[in-house]
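Structure first, then comments.
The values are calculated or read from the model by the stated rules, or taken from the named source; none is laboratory data. Predicted model only: the values in this text are computed from it and were never measured. Cβ placement follows ideal geometry from the backbone for every residue including glycine, while neighbour counts extend to all protein chains displayed.
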Amino acid sequence: MSTTLVERFQPDILVTGNKSLSNVNDDISVHVERFPTQKWWACFITALSVFGFGATLAGIMFANGLGVLGLNQPNGWGVFIVNFVFWVGIGHAGTLISAILFLFRQKWRTGINRAAEAMTIFAVMTALLFPVIHTGRPWYAIFWLIPYPNQRELWVNFRSPLLWDVFAVGTYFIISFVFWFVGLIPDLAVIRDRAKNPIRKFIYTLLSLGWRGSNKNWAHYEVAYMLFAGLSTPLVLSVHSVVSFDFAVSNLPGWHTTIFPPYFVAGAIFSGFAMVVTLLVIAREMFGLKNYITIGHLEKMNKIIMATGMMVGYAYACEFFIAWYSGSSFEKYAFINRAFGPYWWAYWTMTTCNVLIPQIFWFKKARTSIPIMFVVSLFVNIGMWFERFVITVTSLHRDFLPSSWAYYTPTWFDWGITLGSFGWFFIWFLLFCRLLPVIAMAEIKGVMES
Amino acid sequence: MKLSGVVAFFDKPSQLIEATKKVREARYANFDTFTPYPVHGLEAAQGIKRSPIPYVTFIFGITGCGLAFLLQYWTSAVDWPINVGGKPFNSWPAFVPVMFEVTILLAGLSTFAALLFFCRLPNFKKKAFDTSITRDRFALMIEAPGEGETFSENQVKDFLKATGAKEVRTVYEEGWF
């Protein structure tokens, strides 16, 4: 290598503000150690009430039956399935950051991986609500979903993508949780060692499993961490692929396409990164973490948002091309109907938010501007919700038989329970911000050494 | 109280690595280093062997894959065969997604179990001897040998001081609670 190349290469500065190792502990642990601020309580009570509202509506729905929703023939799937796919998708960015970027040795992930992984777990917990409550009798759902020996001697249908989903999302939740916990062990030990309050000391001693930072342990730990990253990488790709099979394995025009698995995975990472940007822009402001989650981190995430946004844009175009190229009149109609039929507004909301708006990230000024990236990330979240709405609703509402065509309108039960799911997600995320270190301290120390 | 060992503290990881090499050359049987984050080069200096966890992961991954196939084959083709869309009872391509997921599930859970096993976690018997280790200090402990062997505290202390340690002191065994 010539010297000029070496000189031109500037390693990223991952932590600004000239921090020492002990500053890292102070800056990040302090939020766990003091009483929550009024702002936090305001957010928490809001989240609780929003969740309470949704839960009440869900209770009324269980009492009266699914008829209170907008579902009917031919739209047997509606907003609940849209929400399920949306929330599972949100989770994918966390695993991408924690596992895939780890395998690619992207050191900048250390600033954001803890919060992103927490987001993954809470998003999957939110997603899991929907398939369970949309059965209408959630207390039976466990018996329908899990293969276990029963008196009827019946088994679940292993040829159904819906069952594959149970295994995929269930495994995803368990493995993400274990991976996250393994990452937390050394940081829980930090909180334990700083604790002066005996109750806090006791709780964090238990949680940290008595971790001592021994290098005989670190050697196993690093190997296990690498293995988790290696296992999570194909897992995360499989999860949204399997979710896409829920649609793609059926014979409905608009669903029955081979592009679905990669298209869904790209969309999931796209929407997940938008959610990470939304959450971290707020968190770094509220918790004073600007030296750890720098503009450089956010800019890299915005680049990923733009790249994955163009991937989904390509998928939208490719679907139209194949609809024409296939020569199938049903397929062709499904796509023309999607863009110019009664749900045109949903289709163009999706395209504008997902393909057009992220193009602003070609400009460095936009990529590094907090207000712009915050607004764009909100648009992407909205756009990706509409993408799932477009796929689920517009394909169903006009199938092969024109006599069964209808226009699906969600009721306020659909909307209220959807809103409630955001309350549920934020309850967990806010608790996480108060009870656990939001940045992986041990990992960030490893990338600070000069 | 039972003597646990003699501990030396260092401010920089590079100093710890140098000291570790010297301790190893002096052929102390039992010693360990303690750091706030994994320090590269320390494993080699300390002579730690590669972790056997990947073998556990591999074996359980294969087991998960096999078990998932057997479960699906037995329930769909043997115990109660159901004709789904004219597909064969043993329609193995449809079993692949669940086989894959169970592979990952067992591999991941066994990795976690193996990590706890090899690290002797949860550890409630040996308390961390200094709270600064999870903050910013790097420590090396020469452990006291078992009954019947001689261990000269002062000799070890002098030796550790000579390696450039900032602070050297003895540690006694203590549980967390």
Looking only at the range B:138-152, count every residue that is in contact (Cβ under 8 Å) with a residue 24 or more places away in the chain and either out of contact with any strand residue (DSSP E or B) (no Cβ under 6 Å at 6 or more places or on another chain) or facing chain A (nearest Cβ under 9 Å) (or both) and tell me the total. 4
Is it true that B:Ala113 is out of contact with any Cys (no Cβ under 8 Å at 6 or more places or on another chain) and within 7 Å of another protein chain (Cβ to nearest Cβ)? no
Criterion: surrounded by 13 or more Cβ atoms within 10 Å (Cβ to Cβ), farther than 15 Å from A:Ala224 by Cα and within 23 Å of the chain's Cα centre (by Cα) - qualifying residue of B:Ile53, B:Ile62: B:Ile62
Residues satisfying the stated conditions in the range B:39-63, i.e. at pLDDT 95 or above, at the interface with another protein chain (Cβ under 10 Å from one of its Cβ atoms) and outside any loop (DSSP other than H, G, I, E, B): B:Ile53, B:Pro54, B:Val56, B:Thr57, B:Phe58, B:Gly61
Cβ pairs under 6 Å, 6+ apart, first in the range B:105-128 and under 16 Å from B:Ile59 (Cα atoms), second at pLDDT 90 or above and among the small types (Gly, Ala, Ser): B:Leu106/B:Gly64; B:Ala107/B:Gly61; B:Thr111/A:Ala224; B:Leu115/A:Ala224
Within the range B:90-99, the count of residues that are at pLDDT 95 or above and either more than 7 Å from chain A (Cβ to nearest Cβ) or not in a helix (DSSP H, G or I) (or both) comes to 2
Can you confirm whether B:Ile104 is within 7 Å of chain A (Cβ to nearest Cβ) and under 30 Å from B:Leu16 (Cα atoms)? no
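Being surrounded by 13 or more Cβ atoms within 10 Å (Cβ to Cβ) and small (Gly, Ala, Ser) is the filter here; which residues of the range B:16-34 pass it? First the steps, then the outcome.
The initial filter retains those residues of the range B:16-34 that are surrounded by 13 or more Cβ atoms within 10 Å (Cβ to Cβ), namely B:16-24, B:28, B:31-34.
Hit for the range B:16-34 is B:Ala19, nothing else.
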Got a number for residues in the range A:94-135 being among the aromatic types (Phe, Trp, Tyr), over 20 Å from A:Met441 (Cα atoms) and in a helix (DSSP H, G or I)? 2
Would you be able to say whether some residue in the range A:181-190 is buried (at least 21 other Cβ atoms within 10 Å of the Cβ), of a type in the set (D, E, K, R) and within 19 Å of A:Leu435 (Cβ to Cβ)? yes
Residues A:Leu163, A:Leu209: which one is free of Cβ contacts under 8 Å to residues at least 40 places away in the same chain and not in a helix (DSSP H, G or I)? A:Leu209
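One line per residue, one yes/no per condition, for (1) farther than 23 Å from A:Pro131 by Cα; (2) touching a His at 6+ places or on another chain (Cβ under 8 Å); (3) without any contact (Cβ under 8 Å) to a residue 24 or more places away in the chain; (4) of a type outside the set (S, T, N, Q):
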position: A:Phe158; (1), (2), (3), (4): no, no, yes, yes
position: A:Gly170; (1), (2), (3), (4): no, no, yes, yes
position: A:Phe179; (1), (2), (3), (4): yes, no, no, yes
position: A:Ile203; (1), (2), (3), (4): yes, no, yes, yes
position: A:Pro234; (1), (2), (3), (4): yes, no, yes, yes
position: A:Asn251; (1), (2), (3), (4): no, no, yes, no
Condition met for B:Lys21 (under 26 Å from A:Val223 (Cα atoms), of a type in the set (Lys, Arg), modelled with pLDDT of 90 or more and outside any loop (DSSP other than H, G, I, E, B)): yes
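Residues that are part of a helix (DSSP H, G or I), more than 23 Å from A:Leu231 (Cβ to Cβ), touching a helix residue (DSSP H, G or I) at 6+ places or on another chain (Cβ under 8 Å) and of a type in the set (S, T, N, Q): does the range B:100-113 have at least one?
No; the residues of the range B:100-113 include none that is part of a helix (DSSP H, G or I), more than 23 Å from A:Leu231 (Cβ to Cβ), touching a helix residue (DSSP H, G or I) at 6+ places or on another chain (Cβ under 8 Å) and of a type in the set (S, T, N, Q).
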Quick check: anything in the range B:65-81 at the interface with chain A (Cβ under 8 Å from one of its Cβ atoms) and either touching a strand residue (DSSP E or B) at 6+ places or on another chain (Cβ under 9 Å) or within 24 Å of B:Gly5 (Cβ to Cβ) (or both)? no
For A:Ile142, indicate whether it is of a type in the set (Val, Ile, Thr), within 14 Å of chain B (Cβ to nearest Cβ) and surrounded by fewer than 19 Cβ atoms within 10 Å (Cβ to Cβ). no
Taking A:Gly267 as meeting all but one of (1) part of a loop (DSSP other than H, G, I, E, B); (2) modelled with pLDDT of 90 or more, write down the number of the exception. (1)
Hey, does the range B:79-91 have a residue that's of a type outside the set (D, E, K, R) and touching a residue at least 24 places away in the same chain (Cβ under 8 Å)? no
Within the range A:222-246, track down each residue that is among the polar types (S, T, N, Q) and more than 9 Å from every other protein chain (Cβ to nearest Cβ). A:Thr233, A:Ser244
Confirm whether A:Leu128 is over 23 Å from A:Gly309 (Cβ atoms) and modelled with pLDDT of 90 or more. yes
